[in-house]
Amino acid sequence: MSKFVISATLLLGMALCASNPAQAVDAKQVFEFYCAQCHGLKGDGKGINVGPDFATDPRNFTIAKDMEKRTDADIEGVIKDGGHSISKSPLMPPWGATLSAEEVHGLVGYIRKLCQCKAK
């Protein structure tokens, strides 16, 4: 009987922790904090940091035709290693030392929602 009570208590505790929304990564919130300054809140490449003197146009994530050419691994790599890692703008910083693997994975999923596309 005591093993049952202990097991039930442990399972209940794990279920409560797993369902705690405060512990789950909010990909939209991560995007808005780290990415939207350049990529825009809508992912259209029109962030508040982008002006006429900005050296490059940030990627517009809402163009499905362009985004479906990129694999999830491609997107993840650029998030982690920055634009210079794929011979693109060094203005895209590497976030691999800042973001957790879960946050990076969440961003890939969020970017896929913005483009309403999947990788081919």
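The values are calculated or read from the model by the stated rules, or taken from the named source; none is laboratory data. On a predicted model such as this, the values are computed, not experimentally measured, just so you know. Heads up: the accessible areas ignore ligands, DNA and RNA and are worked out on the full protein's heavy atoms, side chains in. Shrake-Rupley method; radii C 1.70, N 1.55, O 1.52, S 1.80 Å.
The largest accessible area among Leu114, Leu99 belongs to the first residue in Leu114, Leu99, and the rest follow in falling order (1.4 Å probe, all chains).
Couplings 3J(HN,Hα) of segment 55-70, computed from phi: 5, 8, 8, x, 4, 8, 6, 8, 8, 4, 4, 7, 6, 6, 6, 9 Hz, in residue order, whole Hz [Karplus 6.51 cos²θ - 1.76 cosθ + 1.60, θ = phi - 60°; x for Gly and Pro].
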